[in-house]
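Novice: If you scroll down you'll find the structure; I have some questions about it.
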Amino acid sequence: MRNQFSKIFLILAAVVVSFIFLYPTYEDYQFRKNLASRSGQDSIAYLEQHQEDILNAKLKRIKLGLDLQGGMRVVLEVDVIQLLEDIAKNKDDNFFAIVKEVREQSRTTDESVIPVFGTKFQDRGIRMSRYFGNIRDADNTILSYLNDETEKAVDRAIEIVRNRVDQYRVSEPNIQKQGSRRIIVELPGVKDEREVQSLLQGTAKLEFRLLRDPAISYRIMQSIDDYLSGKVPSDTAAGSKTAKKEEKPKDALDDLLAGNKPAATDTTQEAKFLREHPFFSYVSPDQQNTGEGYVLETNRDRVIRLLARPDVRRLLPVDFEFLWSARPDATPDGKKFYRLYAVKRVPELTGGVIIDARASVDPNDNRPIVNMEMNAEGSREWARITGANVNKRIAIALDNAVFSAPTVINKIIGGRSQITGLESPNEARLLEIVLRAGALPAPVSIIEQRSVGPSLGEDSIRAGLNSTMWAVILTVLFMLFYYHSAGAMADVALVFNILFLLGVMAGFSATLTLPGIAGIVLTLGIAVDANVLINERVREELAGGKTLRAAIDAGYERAFSAILDSNVTTFLTGVVLYQFGSGPVQGFALTLMIGIVASMFSAIVITRVIFNIMLDKGLTPNFG
Amino acid sequence: MGARTKMYIASTTIIVIGMLSLFVKGVDYGIDFRGGTELVLSFSEKPEFGQLREILGGAGFGDSEIKSFGSETMILVRTTRQGEGMTVATALQDALRAKLPQGSFQVLRQDKIGPKIGKELRQDAMYAIVASLLVILAYVAIRYKFSFGVGAVLALYHDVLFTLGIISILDGVTPWLNLEITQEMIAAFLTLVGLSVNDTVVVFDRIRENSKIYRSWSLEQIMNRSINDTLSRTIITSGTILIVLLVLLFVGGEVTRGFAFALTVGIIVGTYSSIYIASAVVLDNSLRKNKE
């Protein structure tokens, strides 16, 4: 009996853990349902109220694959040949002839391009140092340098893509590196192929933008705040706009502030502040007078929409623009916030002038720094700009997202600048990537693109749920019919099996795909196999004249090796499939493997415990 | 076991017919393995194939393939033409939009696979199937005897070839069934391998056990006994799996239909092969050794 307790404990623990893992998925479902049942104002209010919970649930639920929720999957590959062409110098006919040959050849083979490239030069007896690196470099040195450049180009491309996708505001994008030079981008819910394509393939735009004077920045924020709160705005053009706002009481502003916009009767401190300072409630100006505004991550979308409003835009001076920081910073208590920079609309300099940028360490104090080098034309401009703006800040913006805004310490002559004051080596590395992105494009080509419309996804979900339901019903009935009470036990195990399977998936934040659902359905069929093996064996032992208890003991014991072997072989094919498959097929392999492990546990341990309890209570299970 | 010669002949015949069909008719490789562009369109009413072909031909896509996908109103358009980004898909859609009444179709899915990816996926699929066979051979050989491993793997070859043959024969017979060789189909084949060996292993397990009990029996007697002992389990388990596969086949929607079909054929063949092929190979092998 003691053994029994530990098993019961194990089962209960597994059940509890599964429920804990599955709770966010349930929560997420509830939130969606509640949101769908509300409309307009009400739904925004609801969203406001539960914002953090909703985000949290979204993060931890079982994710749906692109084939189920619709969206786009794009695989980009860094175009190595293009890159080689871009970084070569003294290009002549020989060089172009080789590039052409390599390009031709790379269409038909999968060999890495760079060695092929190297061989071509060798075949013609041309030293690669004619086009790359230093004149005295050996070919091998150059080849490894080129390999290095390719890898860096991939990092750059990832950064550019991530930066843009981030600004495009796709919810839950997934960007990852595959192999050495591929990038997988998954964008759920995105439909417009053409837009995404330009998003992924266009050339990156790196700019140096002068920050506006903190005083001006603050004054503009103040005027936006005044305007939004309905006070008479300081700006000349805004008077008529206020009137317009009163004409249409259901203005976008009300929508934006809905839920948080307190009733006039609400007299709490916060409510009062929100009413009087709608802008400063979401954007807090930096107290240290840098002119930056801080916006909590959760409020960012709202502020973006606010700033995009035509009437708000009209409040901004001509040479004035707000840019966001590319990444959120975190406060000590873990809240994430973005910075809002006030910059000049016209860039001082664009990234084309950068020759090189390298993350490094300051030899004096071991702090991370970035060294940046510009070409002659850039250096001249840079000297003028830095000379005129000592002690002012210049934002480094890639595709309009600010990665850093260092202060100019002195006039920089000769084009070699050093960026200091970085917080971590990682920040320095990121800045290096960003700076080089402006100088050296990372040419990428789309080699795979799949998009699934939302209606197909919905159909698939429905079909998947239906087939799971029918599979459960039919299997349960069949087992009941064939094995009577022993079948009922197998059915109980089956239910636990589904629970564990889903629990584990949620625990790993696994992605559910349509083949994944097929895997679950298939698992249902396979899961009862262990019980079939056991029950058949018990029947045999009973026929051999054993008592019920002895027959059950013998049945479980003797069936075990067959159960183990048969499950291991199926599991192994699952492993192979996971290894070689991609995307949806991996989803299938994953559910199959989890299902097999879960089914062994539930079929062997759970049913055994139930049998033992029944026997102890003097009940006689029936094996049909 | 006595009937094994007949079963060998029956299996061989069907596989040979299947192989003939494979050589003559071949199988329909999906976009994953060929590379190119593929669109799945849902029409509000059944479209005229001739008209679609004419439109696409007029737009310079005369080489494109048009077939129904799951139901009469769903159409799959495919071309192996390669273009930068999604230009081919866009051109296909534009051509259809220009000639057909507005709103007559909706794009459900569009895939573009570059030539390299197609080739890689083909290679991966090959590796996957070979790797799974090797892994199973190794596992069974370690847990049992090497000849058992060979028997199991031969049975698997049998199952895979048999199913592939059936797929080749039935492909294109009915629009309801889409039997393209896609990544999902490869997954079905690997699963089939796993499930089929599952049955085989259960029989082997019993042979091992029985050969300890009935030491004086011949291998053939032990095998017959073991197969009979496990027969009801084999049928019940295959039955439950067959139930869920039929559910998938009929309720699971067009995307997984080909997958479910391959597995359905596979599970039936697999059950039969684990009885008549796997053990029979082990038996013949041991008989031959005894003669020597």
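Values quoted throughout were computed directly from the atomic coordinates according to the rules given, and no laboratory measurement underlies them. Bear in mind the structure is a predicted one, so any value in this text is a computation, not a measurement. With ideal geometry, Cβ positions are generated from the backbone for all residues, glycine too; neighbour counts draw on all protein chains shown.
Novice: Enumerate the calculated ³J(HN,Hα) couplings along the stretch B:145-152 in order (Karplus 6.51 cos²θ - 1.76 cosθ + 1.60, θ = phi - 60°), each rounded to whole Hz, writing x wherever the residue is Gly or Pro.
Specialist: Those phi angles translate into 10, 4, 5, 5, x, 4, x, 4 Hz.
Novice: To continue, here is another question. At a Förster radius of 41 Å, what calculated FRET efficiency corresponds to the Cβ-Cβ distance of A:Arg38 and B:Asp94, to the nearest 0.05?
Specialist: In this case the efficiency is close to 0.55.
Novice: On to the next question. Residue separation times 0.36 nm, minus the C-alpha to C-alpha distance between A:Leu10 and A:Asn364: what's the value? Could the numbers behind the result be given before it?
Specialist: Numbers: separation 354, 0.36 × 354 = 127.44 nm, distance 5.83 nm.
Difference between extended and current length: 121.6 nm.
Novice: At A:Gln579 and A:Asp53, where each label point lies 7 Å from the Cα along Cα→Cβ, what is the point-to-point distance in nanometres?
Specialist: My value for the distance between the label points is 4.6 nm.
Novice: Given a 10 angstrom Cα cut-off, can you work out which residue in B:Pro115, B:Pro175, B:Pro101 is the most mobile in a GNM of chain B?
Specialist: Between B:Pro115, B:Pro175, B:Pro101, it is B:Pro101 that shows the largest mean-square fluctuation.
Novice: Using a Gaussian network model of chain B whose springs link C-alpha atoms within less than 10 Å, name the residue from B:Gly50, B:Gly165, B:Gly252 with the highest mean-square fluctuation.
Specialist: The residue with the greatest mean-square fluctuation here is B:Gly50.
Novice: Another one. Looking only at B:Leu263, B:Leu154, B:Leu20, which one moves most when chain B is put into a Gaussian network model with springs between Cα atoms under 10 Å?
Specialist: Among B:Leu263, B:Leu154, B:Leu20, the largest GNM mean-square fluctuation belongs to B:Leu20.
Novice: Test of understanding: extend the Cα→C-beta vector of A:Gln178 to 7 Å, then name every residue of the stretch B:47-87 with backbone N under 19 Å from that spot.
Specialist: Counting backbone N atoms under 19 Å from the label point, the list is B:82-87.
Novice: I would also like to ask the following. So for the pair A:Tyr145, A:Ser171, with labels modelled 7 Å out along Cα→Cβ, what separation do we get in nm?
Specialist: Once both label points are built, they end up 4.9 nm from each other.
Novice: Alpha carbons only, please: Rg and Dmax for the protein assembly as shown, in angstrom.
Specialist: That works out to 33.5, 108 Å for Rg and Dmax.
Novice: Could you tell me how far the Cα centroid of the stretch A:394-459 sits from the Cα centroid of the stretch A:284-363, in Å?
Specialist: 14 Å
Novice: Okay, next question. Taking only DSSP H segments of four or more residues, each worth -39500 (n - 2.57), what value at 222 nm results for chain A once the sum is divided by all its residues, to the nearest 500 deg cm²/dmol? Before the final figure, lay out each step's value.
Specialist: Values: 22 runs with 360 residues, N = 624.
Mean residue ellipticity, 222 nm, calculated: -19000 deg cm²/dmol.
Novice: Could I have the simple spin-label model distance between A:Arg462 and B:Phe23, label points 7 Å from Cα toward Cβ, reported in nm to one decimal?
Specialist: 4.7 nm
Novice: Compute the FRET efficiency between B:Phe146 and A:Asn622 as 1/(1 + (r/R0)^6), taking r as their Cβ-Cβ distance and R0 = 51 Å, and round to the nearest 0.05. Walk me through the numbers before you get to the answer.
Specialist: Numbers: r = 43 Å, r/R0 = 0.84.
E between B:Phe146 and A:Asn622, to the nearest 0.05, is 0.75.
Novice: When the helix-only estimate is applied to chain B (DSSP H runs of n ≥ 4, each -39,500 (n - 2.57), divided by the residue count), what is the mean residue ellipticity at 222 nm, nearest 500 deg cm²/dmol? Intermediate values should be presented prior to the final figure.
Specialist: Details: 10 runs with 196 residues, N = 292.
Per the formula, -23000 deg cm²/dmol.
Novice: Between the alpha-carbon centers of the stretch A:479-497 and the stretch A:34-78, tell me the distance in whole angstrom.
Specialist: The stretch A:479-497 and the stretch A:34-78 have Cα centres separated by 37 Å.
Novice: Report, by chain and number, residues whose modeled amide H sits under 5 Å from the one on A:His277, excluding near sequence neighbours (fewer than 5 apart, same chain).
Specialist: Here the answer is none, since no amide H 5 or more places off falls under 5 Å of that of A:His277.
Novice: Given B:Lys67/B:Lys112; B:Lys25/B:Lys67; A:Lys63/B:Lys46, which pairs have Cα atoms separated by over 28 Å?
Specialist: Working: B:Lys67/B:Lys112 18 Å; B:Lys25/B:Lys67 17 Å; A:Lys63/B:Lys46 35 Å.
Pairs exceeding the cut-off: A:Lys63/B:Lys46.
Novice: Taking the mean number of other Cβ atoms within 10 Å as a proxy for protection, how do you rank B:281-290, B:126-135 from highest to lowest? Could you put the intermediate results ahead of the total?
Specialist: Numbers: B:281-290: 15.8, B:126-135: 17.4.
Descending packing order for the listed peptides: B:126-135, B:281-290.
Novice: Are any of the pairs A:Lys272/A:Lys344; A:Lys120/B:Lys116; B:Lys99/B:Lys119; A:Lys89/A:Lys344; A:Lys546/B:Lys212 more than 29 Å apart by Cα-Cα distance, and if so, which? Could you put the intermediate results ahead of the total?
Specialist: Values: A:Lys272/A:Lys344 34 Å; A:Lys120/B:Lys116 22 Å; B:Lys99/B:Lys119 35 Å; A:Lys89/A:Lys344 36 Å; A:Lys546/B:Lys212 20 Å.
In this structure, A:Lys272/A:Lys344; B:Lys99/B:Lys119; A:Lys89/A:Lys344 exceed 29 Å between Cα atoms.
Novice: State the Cα centre-to-centre distance between the stretch A:551-624 and the stretch A:215-230 in whole Å.
Specialist: Cα centroid to Cα centroid, the span is 66 Å.
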